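The values are calculated or read from the model by the stated rules, or taken from the named source; none is laboratory data. Just so it is clear, the structure is predicted and the values come from calculations on it, not from any experiment. Cβ placement follows ideal geometry from the backbone for every residue including glycine, while neighbour counts extend to all protein chains displayed. Ligands, DNA and RNA are excluded from the accessible area calculation, which covers all protein heavy atoms including side chains. Shrake-Rupley method; radii C 1.70, N 1.55, O 1.52, S 1.80 Å.
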Amino acid sequence: VFLLDEPLSNLDAKLRAQMRTEISKLYQRLGTTFIYVTHDQTEAMTMGTRIVVMKDGFIQQVDTPQHLYDKPCNMFVAGFIGSPQMNFIDATLKKVGSEYALCFDKYQIIVPSEKTKGGVLDPYVGKEVVFGIRPEHVHDEPEEIAKAECLLKANVDVTELMGAEIYLYVNINGTPITARVEPTSTAKPGDEIEIAFDLSKIHIFDKDTEKTITN
C-alpha cells in the first residue's frame, strides 16, 4: 500500500495538473492500492476510484466519485464535492394536490415525482427544508428557458468569463445563486434575467440534521 499525504499541495497549478496525471499513470502501472489524502476535491474526483469524505475526524460518506457527486448523503458532502459549490436555498415544503412543492420567495417549485417515491417527503410537509441545485443545472439559455416548467427572475451581480463557460453570480430577492452557463450568455452585472432550474437534478435536505431526504 502506498500512503500519500497531500503530495502536490506545494506545487503551482500547472505542475499539480501534470503530477495528477503522472500519479494516475503510476497507479495503473503498479496495480496496487494508493491511499491519498487531499483537501482538493478536484484531485479526489479525478484520481480516486473510491473517496472517503471526512469532516472533524468522522467519515461522512464512502463512495465512487460520480456517486458522491450525484447522490451526496448530506449537505457537507454536497457542498464539498463540485466547483463552484452547490447552491442551497431555504424553502418550505407544501402539498399541492397530489404533488409536493418547494416554496421560497414568491416561487413554487414542483418536486418531480421520481424524487417523492415511498412517501419520503410526507414527514416534512409544512416544514422548512433546504433544497440544493448545482450551478451547471441553473440555465439562462433561450432553449432551456422556452421549455422550462418554472422560471425565476434574478438580478445579476457578477459575471466571470472562464473561456468555455461563464459563471453568473445572481440573486433572487437577496438569495444568492451561482449559475454555470454557456459562453454565449449575454448577461451583464445589473441585468435582470430569467433563469430555469433542471428539476430532475434537485436535492432536498433536512434543515436540522443536514441529511439528504431525496436526490
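In this Cβ point-charge picture (+1 for Lys and Arg, -1 for Asp and Glu), the chain has a dipole of about 600 debye about its Cα centre. Scaling the Cα radius of gyration of the stretch 133-205 by the globular reference 2.2 N^0.38 Å produces a ratio of 1.01. Can you tell me the alpha carbon radius of gyration of the chain divided by the globular rule-of-thumb value 2.2 N^0.38 Å? Working it through for the chain, the quotient is 1.15.
In degrees, nearest 10, range 0 to 90: what is the angle between the Cα axis of helix 13-30 and the longest Cα principal axis of the chain? Tilt of helix 13-30: around 60 degrees.
Take the chain with all the other protein chains still there, run a 1.4 Å probe, and you get 56 Å² of accessible area per residue. Over the chain, dividing the summed -39,500 (n - 2.57) contributions of all DSSP H runs of at least 4 residues by the number of residues returns a 222 nm mean residue ellipticity of -5500 deg cm²/dmol. Couplings 3J(HN,Hα) of the stretch 131-146, computed from phi: 10, x, 8, 6, x, 6, 9, 10, 10, 10, 5, x, 5, 6, 4, 5 Hz, in residue order, whole Hz [Karplus 6.51 cos²θ - 1.76 cosθ + 1.60, θ = phi - 60°; x for Gly and Pro]. Accessible area per residue was computed with a 1.4 Å probe on protein heavy atoms; E160 scores about 70 Å².
Among 174-183, 80-89, sorting by the average number of other beta carbon atoms lying within 10 angstrom of each residue, highest first, gives 80-89, 174-183.
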